[in-house]
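The values are calculated or read from the model by the stated rules, or taken from the named source; none is laboratory data. As the structure is a prediction and not an experimental result, all values here were calculated from the model. Note: ideal-geometry Cβ built from the backbone for every residue, glycine included; neighbour counts use all protein chains shown. For accessibility, only protein heavy atoms count, side chains too; no ligands or nucleic acids. Shrake-Rupley method; radii C 1.70, N 1.55, O 1.52, S 1.80 Å.
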Amino acid sequence: MSKVSPKRPVIAAAAVLAALASAGAPPAAQAAGGRQSMAQCVSRVLSGLARKGAPESQVGPAVLSRCDRPLRASLAESIRSGEAPNCTVETCMDMARTRTVAEAIGAYRQRSRR
């Protein structure tokens, strides 16, 4: 039996937020339902926070509270596609959340610099 690689959900969450960075035509895998929904959700949250001039400390809680459902769908999609084998949404959700917050904060910082 193989071990669950801690990098798998990280890859899944990073792929979700990679769609934010690519405003052009995303690869087909990133354009799929759950990932597209997650990218759109995070983008909306970050835009709203940026408009308000919210501090960076609000990014994580805002993204997690408003984008939980799309994150779960994206993680489930990554599991189905084989990117996160040996995971279930329940076993890998904490790691996906942690990575999502880190990526969202990075994206927020970049938006703030523009």
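The table below gives the values:
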quantity	calculated
Scope segment 29-54; condition open to solvent by 40 Å² or more (accessible area, probe 1.4 Å) and in contact (Cβ under 8 Å) with a residue 24 or more places away in the chain; matching residues	A29, G33, S37, Q40, A50
Filtered residues of segment 65-79 (kept if in contact with a Gly (Cβ under 7 Å, 6 or more places away or on another chain) and farther than 9 Å from V89 by Cα)	P70, S74, E77
